[in-house]
Amino acid sequence: MSLDSLAPADDGLVGSFPVMGEDDVRAVVATARTASTWWRELGFDGRAARLAAWRKHMWRRVDEVAELIHRENGKPLDDAVLEVVLTVEHLHWAAGNAGKVLRSHKVNPGPLFSNYAARVDYDPLGVVGVIGPWNYPLYAPNSAVSFALAAGNTVVLKPSEFTPAVSRWYVDAFAAANPDAPAGVLSLVTGFGETGAALCNAGVDKIGFTGSTRTGKRVMAQCAETLTPVVLECGGKDPVIVAADAEVKAAARAVAWGAFTNSGQTCVGVERVYVVKDVADAFEAALLRELEGVRPGTGKGATYGPMTMPAQVDVVRRHVADAVERGATFLKGGPDSIGERLIEPIVITDLPEDAVAVREETFGPTVTLRRVDDLDEAVTLVNDHDYALSASVFSRAHGDEIADRVRAGQVTINSVIAFAGMGAVPMGGVGASGFGRVHGADGLREFARPRGVVRQKFALPGFELITLRRAGHVMPLMKKVLGVRHGL
Ligand code: NDP
């Protein structure tokens, strides 16, 4: 059985891929397990050299892979190039910093064991399974893949059924750049959801999942059977707060990009905006100006592309229909903006907070706006949500204070989504948006197992604490010493 990947622009065939079953997936994981000894023994420097070769190989072919992303996902070519840029940047950071973050380091054994030495090692987990989405088919899986590889694991990648060709290219690029590497350092398994489920049950040491919250829960349930740990990078409903002292035009420009880039199919895309009433008229006018001439399409000059996954159009239609029923005002667009695959920008106001378009991830080119009396109301509404992936705050003087009050995995002040391009900044969710982190030092540690190693340097005859033959004076002495230490 095979699956066909079709281009969102014209339904043309991008490629056919095998639908792999449980036995196929287990065989791939077994090869990855064998390769893991070689990869681990390369050490940080050896792995960094291989990852650098891969990065350079990809970057030399940036136009080729960007064209493939454009064709298979539907996003404009320039946005596809940006995706490649972000991918190689993260790979660069992960490879360059794994040694610093994960090298063994000494720790203080504490006063009870001053005759000991202690250190913490960060062992690779072994084989990591990565399950990826279609919206950023290169960037999103890479966020787990590159950090897991840099930490010394081999990786088996299961891409979305909608974008297997990009992942095939990505995995082949690793092999082409590293002809000395044995099979199995980075492998691909293709298929539908069942193939992802098979990967969860194939004896991997961790699953790095990026996708919807609904599927994330299923992945976690499957992994519970074998106590396989998971990182879940799930959906979001990211809010923006525009304070009374915000630079309104800049806020509108950022919101326009954050809400509509990639047809709104961005996990950390802007979906809800809360504007303090003093600047609401100015903000709405500025946002409408920003959206003049913004249009979806498949050719040159389109601001964003068609919806990648046909079923997502129905989600957008349902959210907009609910907004109509709730008596919402459409500042721009409306139900008629939704075509078969292309959706014109839609800006919705006057929606109650329990409307579907406010509660659920829309994942389309729509945004809701709500006027609030003050920042307290904005923060309350922002935080009253199941999703808490990321958030943005626009304020000239109070950005940090507001950011501190927002429940989110990451907050951007006076911009949107910028953290996603920063190798050093961890990224992940809170609540229904998942848990665990990719990127940054925390993203490396996510794919390593801390192992404490303590060594007795010399014995303390007569003063041994952990012995059945403890001397009678040891505990009174200990009580005296600890009494001083703890101030009793
Ligand atoms: P899905 O949840 O539909 O699918 C994600 C991946 O899981 C796909 O590869 C899918 O395979 C696979 N899968 C499906 N069923 C199972 C199963 N039972 N066991 C294991 N794997 C399974 O998400 P989408 O692909 O639609 O991606 C969009 C979602 O991803 C959005 O909610 C978005 O917010 C989120 N996302 C989150 C990011 C973050 O960093 N937090 C980043 C990017 C996206 P198949 O496609 O073959 O069904």
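The values are calculated or read from the model by the stated rules, or taken from the named source; none is laboratory data. Treat the numbers as computed from the prediction; the structure is a model and nothing was measured. Note: ideal-geometry Cβ built from the backbone for every residue, glycine included; neighbour counts use all protein chains shown. Areas reflect the complete protein model, heavy atoms only, side chains present, ligands, DNA and RNA absent. Shrake-Rupley method; radii C 1.70, N 1.55, O 1.52, S 1.80 Å.
Helices (runs of 4 or more DSSP H) wholly in region 377-488 with at least 3 residues that are without any contact (Cβ under 8 Å) to a residue 24 or more places away in the chain - which ones?
Here the list reads 399-405, 474-485.
Looking only at region 193-205, filter to residues that are closer than 19 Å to Cys234 by Cα and open to solvent by 20 Å² or more (accessible area, probe 1.4 Å); which one of those is farthest from the ligand (Cβ to nearest atom)?
Ranking the candidates gives Glu194 first.
Each row is one residue, and each column tells you yes or no for (1) surrounded by 22 or more Cβ atoms within 10 Å (Cβ to Cβ); (2) closer than 16 Å to Ser263 by Cβ; (3) touching a Cys at 6+ places or on another chain (Cβ under 6 Å).
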| residue | (1), (2), (3) |
| --- | --- |
| Ala323 | yes, no, no |
| Arg326 | no, no, no |
| Asp336 | no, no, no |
| Ile346 | yes, yes, no |
| Val358 | yes, no, no |
| Leu369 | yes, no, no |
| Val372 | no, no, no |
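Out of Asp23, Asp45, which single residue is out of contact with any Leu (no Cβ under 9 Å at 6 or more places or on another chain), open to solvent by 50 Å² or more (accessible area, probe 1.4 Å) and in contact (Cβ under 8 Å) with a residue 24 or more places away in the chain?
Only one candidate qualifies: Asp45.
Every residue in region 416-456 that is more than 13 Å from the ligand (Cβ to nearest atom) and on the phi > 0 side of the Ramachandran plot, please.
If the condition is that a residue be more than 13 Å from the ligand (Cβ to nearest atom) and on the phi > 0 side of the Ramachandran plot, then Gly440 is the only one that fits.
Residues Val189, Val185, Val230: which one is in contact with a Cys (Cβ under 9 Å, 6 or more places away or on another chain) and either on the phi > 0 side of the Ramachandran plot or more than 7 Å from the ligand (Cβ to nearest atom) (or both)?
Val230
Which one of Gly126, Gly152 is surrounded by fewer than 24 Cβ atoms within 10 Å (Cβ to Cβ) and within 23 Å of Gly99 (Cα to Cα)?
None of the other options fit; the residue is Gly126.
Take Val127 and decide whether it is closer than 26 Å to Ala27 by Cβ and either away from the ligand (no atom under 13 Å from the Cβ) or over 18 Å from the mean Cα position of the chain (by Cα) (or both).
When the stated conditions are applied, Val127 passes them.
I want to confirm something. Restricting to region 297-320 and keeping residues that are of a type in the set (Gly, Ala, Ser) and assigned to a loop (DSSP other than H, G, I, E, B), which single residue is most open to solvent (accessible area, probe 1.4 Å)?
Here the answer is Gly301.
From the set of residues in region 279-296 that are in a helix (DSSP H, G or I), touching a helix residue (DSSP H, G or I) at 6+ places or on another chain (Cβ under 9 Å) and open to solvent by 10 Å² or more (accessible area, probe 1.4 Å), which is nearest to Ile402 (Cα to Cα)?
Among residues in region 279-296 that are in a helix (DSSP H, G or I), touching a helix residue (DSSP H, G or I) at 6+ places or on another chain (Cβ under 9 Å) and open to solvent by 10 Å² or more (accessible area, probe 1.4 Å), the one nearest to Ile402 (Cα to Cα) is Val279.
Which one of these does Phe147 not meet: (1) touching an Asp or Glu at 6+ places or on another chain (Cβ under 8 Å); (2) within 16 Å of the ligand (Cβ to nearest atom); (3) on the phi > 0 side of the Ramachandran plot?
Only one criterion is unmet by Phe147, namely (3).
Just checking, which of Gly132, Gly96 is touching a residue at least 24 places away in the same chain (Cβ under 8 Å), small (Gly, Ala, Ser) and within 16 Å of the ligand (Cβ to nearest atom)?
Step by step, each of Gly132, Gly96 is checked, and only Gly132 is touching a residue at least 24 places away in the same chain (Cβ under 8 Å), small (Gly, Ala, Ser) and within 16 Å of the ligand (Cβ to nearest atom).
Does Thr298 satisfy the condition of being more than 14 Å from Pro365 (Cβ to Cβ) and among the polar types (S, T, N, Q)?
Taking the combined requirement at face value, the residue satisfies it.
Can we say Arg253 is out of contact with any Asp or Glu (no Cβ under 9 Å at 6 or more places or on another chain), open to solvent by 10 Å² or more (accessible area, probe 1.4 Å) and in a helix (DSSP H, G or I)?
no
Identify, from the list Ala144, Ala80, the residue that is free of Cβ contacts under 8 Å to residues at least 24 places away in the same chain and buried (at least 19 other Cβ atoms within 10 Å of the Cβ).
Just a single option satisfies the conditions, and that option is Ala80.
Please go through region 262-278 and give me each residue that is outside any strand (DSSP E or B) and open to solvent by less than 20 Å² (accessible area, probe 1.4 Å), ordered by number.
The answer is Asn262, Ser263, Gly264, Gln265, Thr266, Val268, Gly269.
Going by what's in this entry, would Ser167 be described as under 17 Å from Ser2 (Cα atoms) and either at pLDDT 95 or above or open to solvent by 30 Å² or more (accessible area, probe 1.4 Å) (or both)?
Yes; evaluated as a whole, the condition is true for this residue.
State the number of residues belonging to region 405-433 that are surrounded by fewer than 18 Cβ atoms within 10 Å (Cβ to Cβ), under 26 Å from Arg214 (Cβ atoms) and among the polar types (S, T, N, Q).
The qualifying residues number 0.
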